[in-house]
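*Asks:* Quick one: the structure is below, questions incoming.
The values are calculated or read from the model by the stated rules, or taken from the named source; none is laboratory data. Predicted model, so just to flag it, every value in this text is computed and none were measured. Note that each Cβ is placed from the backbone with ideal geometry, even for glycine, and that neighbours are counted across all protein chains shown.
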Amino acid sequence: MPKVLISDKMSPLAEQTFKEAGVEVDYKPGMTKEELAAVIGEYDGLAIRSSTKVTPTILAAAKNLKVIGRAGIGVDNVDVPAATNAGVVVMNTPFGNSITTAEHAIALMLALAREIPQANASTHAGKWEKSGFMGVELTGKTLGLIGAGNIGSIVADRAQGLKMKVVAFDPFLSAERAADLGVAKVELDELFKRADFITLHTPLTDQTRGIIGKASFEKMKKGVRIINCARGGLIDEEALKDALDSGKVAGAALDVFAVEPAEANALFNHPKVICTPHLGASTTEAQVNVALQVAEQMAEYLMTGGVTNALNMPSVSAEDAPKLKPYMALAGQIGSFAGQLTEHGLKKITVEYEGHVAELNTKPLTAAVLQGLLSPLMSSVNMVNAPVIAKERNIDVTETKHDREGDYQTLIKLTVETEHQTRTVSGTLFANGAPRIVEVNGVRMEAELAPNMLYVINNDKPGFIGALGTLLGHNGVNIATFALGRRVEGEEAVCLVAVDQPIKDIVLDQLTALAHVRQAKKLSF
Ligand SMILES: NC(=O)C1=CN([C@@H]2O[C@H](COP(=O)(O)OP(=O)(O)OC[C@H]3O[C@@H](n4cnc5c(N)ncnc54)[C@H](O)[C@@H]3O)[C@@H](O)[C@H]2O)C=CC1
Ligand SMILES: O=C(O)C(=O)COP(=O)(O)O
C-alpha cells in the first residue's frame, strides 16, 4: 500500500480522501527540515502547502518518493528541477484557491483605499479620529494588473464590477484574451504611468523577481497604492519603504513577503502598510478544494498511474491510464531494445505512432520510449526525467502520428540516429495486450522479448542456424523462442533468440567468432 506524508496544515479531508483511495497517510504538519529528512525515505508521496521546503537535501533522502502534491498554486518552495532529476512528479491544484485569493486582493485594495485596519485600531483605542482617515474612491480609478492568469483575470472581473478601469501587463496575454477580459493590454512602463492601484499576480521567476523596484517607483503616479497577494520577492521591500516614506506611494497591502514566515520586516509597523500573514488562500472553501484535489490527484497517480496537473510530466487521465498501460510496456521495451544496441552518441530520435495507438495520448508513451532508450546508457533515468535528459543532451526528439492504415492495427516505430548509424525497431500489441517486436532495421520478424535474449546480425547463409543451435546447446543454454528475418535472400539477416539461461561472455565471444556472424549482443528485458 503506498504511503503519503502530509507535512503542512491541511483540511482533514485530504487524509480522509487518501484513506478512502487505499493510500496509507501520516499527518505531521510543522516538522523541522531535519525531522522531515529523517522520515521522508519511508514515503511514496508528500503533500504540502507553502511551508515545507522541498530542497535537494530532502529529495536526496526521499528514496521512495514518487510524487509531491502542492495543495495550492505556487511551487516556489519546491526545487522542481531537482525533483524532476530525481524522477519525482510535482503536481499542484491550479484553480482551487484562485477565487479566494482574488477576493483577498480586492479586500486589501478596499482596505487600502479607506485605511480600514488603521481606522479600526484607532477606534478600538478610543481615539475617534474621524478626520484622520480620508480615503479615496475606487470608481473610475485605474487598476494596473501585473499578471493576468487565473487569479489576475478574476481580480480584473471583480474590479470592473467596482467600476474601475483595468490595464494589464502580461507578456503571455493575447489580444483576444485581453478583449474578453475587458482589459487594456499595455507595457509595464505604461501601466506604471497610468495606474492608481497596482496589483501583482505573477509567479516568482527570474524574470519577475523585483519586477517592482527602485526604478519602477520613479515611473509611477504620485499617490499610487500597491497590493501584493502573489509572492514576496516580486517587490523590492527596501525600495518600497523608501517610496512610502517619500510619499510617492500612498499605501501598500502585502500578503506575502520576501522571507516567510515574516517575523521581522522593514515594512512592519509602517503607518501606510497593511499586512496579512500569507492568508490569500485561507478560506474554508479554498482549503476544502485544494485538500480534496491534491489527495485525489496524488492517490490516482500512486494507485493507477493517472497524472493530472503535473508541472514536470505530461497528463494521463484516469480513463487513459489503463488503456496506455500495455503500450507503456511496449514503448519501454522498444526503447530499451534500441538503447542496449546503441554504442555512440545519440543525435535524433523519432517515435512514430500508427493505428489504434495514434488515437491515444502519446506524450507519456514517448517518455516511456526515452526512459527505455536512455536507461542502458545512464543511471537513474525514469519517465519524469528522461525528456529533460534528452533535451539537456541536445538529442532531437520528434513524435509523429500517422492516420494511415498499416499492416498492423497498432504500431510504434522508433528510429534512433547516432553519430554513426540509423537503427529502427517497431512493435505492436497482440489482442491479449502482449508486446511483440515486428521489425528491426527494416527486417520483418515477430519476436516476444524475454529476460535473456541474444541479438545476432548474420549473413543469410546455409548452416548458420545449425551452428548457433549447436553452440548454445554445448554450453547448456536452452532456446525458448527463435525469430529470424532478412530483407533480401543471401544478404543481412537479423536473429532474435530468447534463451532460458543468461549467456556468459565466453559463449558470446564464441558466437561472435562463428562463420557469417557480423554482430552478436546479449540483451535483457
Ligand atoms: N497569497 C496566496 O496565498 C496565494 C498566492 N498565489 C500566487 O499568485 C500568483 C498567481 O497565481 P495564478 O494566477 O494562479 O497563476 P497563473 O499561472 O494562472 O498566472 C500567472 C500569470 O503571470 C503571467 N506572467 C508570467 N511571467 C510574467 C512576467 N514576467 N510579467 C508579467 N506577467 C507574467 C503569466 O503569463 C500568467 O498569465 C502565483 O505566484 C501564486 O503562487 C496563489 C494562490 C494563493
Ligand atoms: O497556492 C499558493 O500559491 C499559495 O500561496 C497559498 O499558500 P498556502 O497554501 O496558504 O500556504
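*Asks:* Among residues belonging to the stretch 299-339 that are part of a loop (DSSP other than H, G, I, E, B) and not polar (S, T, N, Q), point out the one that is surrounded by the most Cβ atoms within 10 Å (Cβ to Cβ).
*Replies:* Initial filter on the stretch 299-339 (part of a loop (DSSP other than H, G, I, E, B)): 305-306, 308-309, 311-315, 317-319.
With the extra rule that they be not polar (S, T, N, Q), the set shrinks to 305-306, 311, 313-314, 318-319.
Numbers: G305: 17, G306: 20, L311: 16, M313: 23, P314: 15, A318: 16, E319: 10.
Here the answer is M313.
*Asks:* Among the residues of the stretch 371-400, what is the count of those that are assigned to a loop (DSSP other than H, G, I, E, B) and surrounded by 13 or more Cβ atoms within 10 Å (Cβ to Cβ)?
*Replies:* Filtering the stretch 371-400 for residues assigned to a loop (DSSP other than H, G, I, E, B) gives 375-385, 393-395.
Next, from what is left, pick out any that are surrounded by 13 or more Cβ atoms within 10 Å (Cβ to Cβ): 375-377, 381-385, 393, 395.
Of the residues in that region, 10 qualify.
*Asks:* Does T342 meet the test of being under 17 Å from H402 (Cα atoms) and of a type in the set (S, T, N, Q)?
*Replies:* Numbers: under 17 Å from H402 (Cα atoms): no; of a type in the set (S, T, N, Q): yes.
So T342 does not fit the description; no.
*Asks:* Let me ask something additional. What are the residues in the stretch 58-76 that are within 27 Å of P277 (Cα to Cα), modelled with pLDDT of 95 or more and either of a type outside the set (A, V, I, L, M, F, W, C) or away from ligand 2 (no atom under 16 Å from the Cβ) (or both), if any?
*Replies:* I58, G69, R70, G72
*Asks:* Something else about it: Considering N269, N265, which residue is without any contact (Cβ under 8 Å) to a residue 24 or more places away in the chain and surrounded by fewer than 22 Cβ atoms within 10 Å (Cβ to Cβ)? Please lay out each step first, then the result.
*Replies:* Numbers: N265 fails: without any contact (Cβ under 8 Å) to a residue 24 or more places away in the chain.
Only one candidate passes the filter, namely N269.
*Asks:* Give me the helices (runs of 4 or more DSSP H) completely within the stretch 130-243, filtered to those with at least 2 residues that are surrounded by 14 or more Cβ atoms within 10 Å (Cβ to Cβ) and within 16 Å of ligand 1 (Cβ to nearest atom), ordered by residue number. Don't jump to the end; show me each part of the working.
*Replies:* Numbers: elements: 150-161, 175-181, 188-194, 214-219.
Where helices (runs of 4 or more DSSP H) fall fully within the stretch 130-243 and carry at least 2 residues being surrounded by 14 or more Cβ atoms within 10 Å (Cβ to Cβ) and within 16 Å of ligand 1 (Cβ to nearest atom), they are 150-161, 175-181, 188-194.
*Asks:* Condition test on V256, is it free of Cβ contacts under 8 Å to residues at least 60 places away in the same chain and among the aliphatic types (A, V, I, L, M)? Spell out the reasoning first.
*Replies:* Values: free of Cβ contacts under 8 Å to residues at least 60 places away in the same chain: yes; among the aliphatic types (A, V, I, L, M): yes.
Against the criterion (free of Cβ contacts under 8 Å to residues at least 60 places away in the same chain and among the aliphatic types (A, V, I, L, M)), V256 qualifies.
*Asks:* Among the residues of the stretch 96-109, is any more than 16 Å from ligand 1 (Cβ to nearest atom), under 24 Å from the mean Cα position of the chain (by Cα) and in contact (Cβ under 8 Å) with a residue 12 or more places away in the chain?
*Replies:* no
*Asks:* For the stretch 35-51, check the following and say yes or no: at least one residue is over 28 Å from G149 (Cα atoms), loosely packed, with under 15 Cβ neighbours inside 10 Å, touching a helix residue (DSSP H, G or I) at 6+ places or on another chain (Cβ under 7 Å) and in contact (Cβ under 8 Å) with a residue 40 or more places away in the chain.
*Replies:* no
*Asks:* Then there is this: Report yes if some residue within the stretch 199-212 is in contact with a Ser or Thr (Cβ under 8 Å, 6 or more places away or on another chain) and acidic (D, E); otherwise report no.
*Replies:* In the first step, residues of the stretch 199-212 are kept if they are in contact with a Ser or Thr (Cβ under 8 Å, 6 or more places away or on another chain); the result is 202, 208, 211.
Then drop every residue that is not acidic (D, E), which leaves none.
No, the stretch 199-212 contains no residue that is in contact with a Ser or Thr (Cβ under 8 Å, 6 or more places away or on another chain) and acidic (D, E).
*Asks:* For the stretch 102-161, which positions are of a type in the set (D, E) and either within 19 Å of I227 (Cα to Cα) or at pLDDT below 95 (or both)?
*Replies:* Going residue by residue through the stretch 102-161, those that are of a type in the set (D, E) are 103, 115, 129, 137, 157.
Within the stretch 102-161, E103, E115, E137, D157 meet the criteria.
*Asks:* In the stretch 154-168, how many are within 24 Å of A281 (Cβ to Cβ) and either more than 16 Å from ligand 2 (Cβ to nearest atom) or over 27 Å from the mean Cα position of the chain (by Cα) (or both)? First the steps, then the outcome.
*Replies:* To start, the set of residues in the stretch 154-168 that are within 24 Å of A281 (Cβ to Cβ) comprises 154-162, 164, 166, 168.
If we keep only those that are either more than 16 Å from ligand 2 (Cβ to nearest atom) or over 27 Å from the mean Cα position of the chain (by Cα) (or both) too, we end up with 156-162, 164, 166, 168.
The total comes to 10.
*Asks:* Restricting to the stretch 209-230, and then to whatever is in contact (Cβ under 8 Å) with a residue 24 or more places away in the chain and among the small types (G, A, S), can you tell me which residue is farthest from V256 (Cα to Cα)?
*Replies:* By that ranking, first place goes to G223.
*Asks:* Among what's in the stretch 272-298 and is in a loop (DSSP other than H, G, I, E, B) and without any contact (Cβ under 8 Å) to a residue 40 or more places away in the chain, pick the residue that is surrounded by the fewest Cβ atoms within 10 Å (Cβ to Cβ).
*Replies:* Taking the candidates together, the pick is P277.
*Asks:* Given the criterion within 16 Å of ligand 2 (Cβ to nearest atom) and either in a loop (DSSP other than H, G, I, E, B) or not assigned by TED's automatic domain parsing to the domain that holds E190 (or both), identify the matching residue among A266, A262, A253.
*Replies:* On the way: A266 fails: within 16 Å of ligand 2 (Cβ to nearest atom); A253 fails: either in a loop (DSSP other than H, G, I, E, B) or not assigned by TED's automatic domain parsing to the domain that holds E190 (or both).
The conditions single out A262.
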